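The values are calculated or read from the model by the stated rules, or taken from the named source; none is laboratory data. Quick caveat: nothing in here was measured; it's all calculated off a predicted structure. Because the Cβ atoms are built from the backbone with ideal geometry, glycine has one as well, and the counts that use them run over all protein chains shown.
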Amino acid sequence: MQPKITFCSRCRGMRSGWNKRYILHCLFCKHWLRKSSRFCGLIVIAAALLMAFPAPSATVFLNNPEQPVYKVSSQKRVKQVDPAAVAAMDAFLKQHAIKEGDRARLAESIVTSATKHNLNPRLLASVMIVESSGNQFAISGKDAIGIMQIHLPTWGRTADREGINLFKIEDNIDFGARILKNYIRQFGLWEGVKRYNGCAAEDPASEQSVPEYVAKVQRVYELP
């Protein structure tokens, strides 16, 4: 194969490639530089853009390239609850025969919501035990659902409006704690517990069972 020859009016003919004469021609010949200046300028601009705007990683455009997903700062994480309080609650739930598979999650949820709403965690757990025995999918004949037996005719619209999943342990316990705290603030401790159960009472038979319900909660709460 014949070597490629490049002709320059200044440098004359030369063989193209990695040889001394051709390299000097490319570096210093004004004739060649003038013709290639536009091309070189484009290369420089392209390199600058690549350096300034590196290609995004796969985590940036996770779903839709037009809607980037950004990581949430670790500084916004919720502060963890007291491990000792969670351990004590776990032991309390075990004492009342709550299934082991759910206990850790229940204990942490109860302590978290009780702390948030300024309630005694043991009281919140006692209401939960009497209401559902720790069954997050419990449904009563009076349209109360979930682990804290939230009464749908009374609280369903609020739960729907606020996006509360009443079959999720954390959501149901937190919503129940909020309702219980409101009643206790208005009516006192045990009258508030009575109102919590009474909110689902729509017939005389149910109303008559409310004192028995309060007594059950008290027995669980006061058990050594």
Pairs where the first residue, in the range 141-158, is in the same structural domain as Ala107 (by TED's automatic domain parsing) and among the β-branched types (Val, Ile, Thr) and the second is buried (at least 18 other Cβ atoms within 10 Å of the Cβ) and assigned to a loop (DSSP other than H, G, I, E, B), C-beta under 7 Å, 6+ apart: Ile145/Leu166; Ile147/Gly134; Ile147/Gln136; Ile150/Leu166
Any hit, the range 105-126, residues being in the same structural domain as Val217 (by TED's automatic domain parsing) and touching a His at 6+ places or on another chain (Cβ under 7 Å): no
Qualifying residue in the range 206-214 (condition: loosely packed, with under 15 Cβ neighbours inside 10 Å and either outside the structural domain of His96 (by TED's automatic domain parsing) or under 24 Å from Ala91 (Cβ atoms) (or both)): no
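To keep it simple, each residue is scored yes or no on (1) farther than 24 Å from Asp82 by Cα; (2) in a loop (DSSP other than H, G, I, E, B); (3) out of contact with any Ser or Thr (no Cβ under 7 Å at 6 or more places or on another chain); (4) touching a residue at least 40 places away in the same chain (Cβ under 8 Å).
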site: Ser113; (1), (2), (3), (4): no, no, yes, yes
site: Leu124; (1), (2), (3), (4): no, no, no, yes
site: Asp160; (1), (2), (3), (4): yes, no, yes, no
site: Asp171; (1), (2), (3), (4): no, no, yes, no
site: Gly176; (1), (2), (3), (4): no, no, yes, yes
site: Val193; (1), (2), (3), (4): yes, no, yes, yes
site: Ala215; (1), (2), (3), (4): yes, no, yes, no
site: Tyr221; (1), (2), (3), (4): no, no, no, yes
From Lys116, Lys142, residue being surrounded by fewer than 16 Cβ atoms within 10 Å (Cβ to Cβ), more than 21 Å from Gly101 (Cβ to Cβ) and modelled with pLDDT of 95 or more: Lys116
Complete set of residues in the range 152-181 that are out of contact with any Phe, Trp or Tyr (no Cβ under 9 Å at 6 or more places or on another chain), surrounded by 14 or more Cβ atoms within 10 Å (Cβ to Cβ) and at pLDDT 95 or above: Lys168, Ile169, Glu170, Asp171, Asn172, Ile173, Asp174, Ala177, Arg178, Lys181
Evaluation of Phe167 against (1) touching a residue at least 24 places away in the same chain (Cβ under 8 Å); (2) part of a helix (DSSP H, G or I); (3) farther than 14 Å from His117 by Cα (one fails), failing number: (2)
Unique match (being surrounded by fewer than 21 Cβ atoms within 10 Å (Cβ to Cβ) and touching a Phe, Trp or Tyr at 6+ places or on another chain (Cβ under 7 Å)) among Arg122, Arg103: Arg122
